[in-house]
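The values are calculated or read from the model by the stated rules, or taken from the named source; none is laboratory data. Owing to the predicted nature of the structure, the values given are computational and were not obtained by experimental measurement. Quick reminder, even Gly has a Cβ in these numbers, built from the backbone with ideal geometry, and neighbours come from all protein chains shown. Heads up: the accessible areas ignore ligands, DNA and RNA and are worked out on the full protein's heavy atoms, side chains in. Shrake-Rupley method; radii C 1.70, N 1.55, O 1.52, S 1.80 Å.
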Amino acid sequence: MAGDGPSEIQIRVNSRRSSSGGGGVVHPVEVDTPQQLTSPTPPVYREVKHFKKWIPWLIPLFVIANTLMFIITMYVNNCPDNSDSCIAKFLGRFSFQPFKENPLLGPSSTTLLRMGALDVTKVVEGHQGWRLITCNWLHGGLFHILANMLSLLVIGIRLEQEFGFVRIGLLYVISGFGGSLFSALFLQSNISVGASGALFGLLGGMLSELITNWTIYVNKFAALFTLVVIIAINLAVGILPHVDNFAHLGGFLSGFLLGFVFLIRPQFGWVSQRYTPGFMSPTPPVPAKSKFKTYQCILWIVSLILLIVGLTVGLVLLLRGVDANEHCSWCHYLSCVPTSKWSCKTEPAFCLSSQMGNQLNLTCSSNNKTNIYTVFNPSSSRIQGLCTQLCG
């Protein structure tokens, strides 16, 4: 009979997500209140905490910070003051180093070192551990920063919208540190810069989130294909100087483990029970469901342990001066492939110099090449730039 008992409550969590097109992702709970015979009540919408939409601001801030750091680096580099073969000379002191020295259209290795690039010798012997963090905010060139920032916008904004700035910010920073640490264990002679480790951490987080929440994706394989394409592009950039795939791999592994820790979602059954209005029901009470599934809890514990142990062991090995290349003689080719167009020796070149009047005589200590330059009162940065060209 009408009016003998409360009406049925309907709770819907709109959780189906399409992997293409990020504009239509909404996660509210719709609560249809009991309808009366005389005056129907419209449905009331309540936003569920675990599926709310966040306004992204941290990822755009990261992009701005990286861009500003690149501009400052190019200003400090001042190519016309240290080289005679600058690219895009109309840019003045913002012009790029010669292509043979830096094919990414960017500053010199010396400038990157001054700005905080990762150098294992300085970290281990100079106790400059801060370089494991600062190198993530520097980039080797224009091509490098464009590839990273475009990928960061595409990936990071979507993740921040779904999971908030705290979890995504921690995922970004910790993954960057993990990538730098893994890179330092293999790249003992070359310098390393770039946000690729942190970016690959976001990719790793997306993959673990895809595994954990596989059933709520409408087009699962499209999401997987997008990840593969972005990974392939960044791996291709990684064979160039100043960029290393060891940071990519270390960042990806760190982000993959962190994704199971930061990006897990509660069961929809638990969400439905939690947001059901508390009034009497004629049916027997349903047993309370756990917030997370068993496999989610297991992955959370295992991932957290592996992450802490991995970062701790890696840091101890680095500070003890362990060179991972001693156990893998060919692994350095994963970071940079030398060609006739560029050299993989990105560490600063060293030359013997002597000057008589306007004649500067330079001899490269690595290849014994000698050349005479006509310069008047050259600065130390100018001599270093000429030396780099001679040794390249």
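Structure above, values below:
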| quantity | calculated |
| --- | --- |
| Matching residues in the range 65-107 - criterion: being under 28 Å from Leu153 (Cβ atoms), modelled with pLDDT under 90 and not hydrophobic (A, V, I, L, M, F, W, C) | Asn102, Pro103 |
| Boolean, Phe177 is closer than 17 Å to Thr134 by Cβ, in the same structural domain as Lys100 (by the TED database), open to solvent by 10 Å² or more (accessible area, probe 1.4 Å) and of a type outside the set (Val, Ile, Thr) | yes |
| Enumeration of residues in the range 70-96 that are open to solvent by 30 Å² or more (accessible area, probe 1.4 Å), touching a Leu at 6+ places or on another chain (Cβ under 9 Å) and under 23 Å from Asn136 (Cα atoms) | none |
| Members of the range 126-148 found to be open to solvent by less than 20 Å² (accessible area, probe 1.4 Å), in contact (Cβ under 8 Å) with a residue 60 or more places away in the chain and hydrophobic (A, V, I, L, M, F, W, C), listed by number | Leu138, Ile145 |
| Some residue of the range 194-216 being modelled with pLDDT under 90, in contact with a helix residue (DSSP H, G or I) (Cβ under 9 Å, 6 or more places away or on another chain) and either on the phi > 0 side of the Ramachandran plot or not assigned by the TED database to the domain that holds Leu299 (or both) | yes |
| Sole residue being in contact (Cβ under 8 Å) with a residue 12 or more places away in the chain and open to solvent by less than 10 Å² (accessible area, probe 1.4 Å), chosen from Ser208, Ser151, Ser189 | Ser208 |
| Considering residues of the range 100-121 that are among the charged types (D, E, K, R) and surrounded by 17 or more Cβ atoms within 10 Å (Cβ to Cβ) only, the residue nearest to Cys79 (Cα to Cα) | Glu101 |
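To keep it simple, each residue is scored yes or no on (1) in contact with a Leu (Cβ under 6 Å, 6 or more places away or on another chain); (2) modelled with pLDDT under 70; (3) assigned by the TED database to the domain that holds Val166.
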residue: Asn245; (1), (2), (3): yes, no, yes
residue: Leu253; (1), (2), (3): no, no, yes
residue: Arg274; (1), (2), (3): no, yes, no
residue: Pro277; (1), (2), (3): no, yes, no
residue: Ile305; (1), (2), (3): no, no, yes
residue: Thr312; (1), (2), (3): no, no, yes
residue: Leu319; (1), (2), (3): no, no, yes
residue: His327; (1), (2), (3): no, no, yes
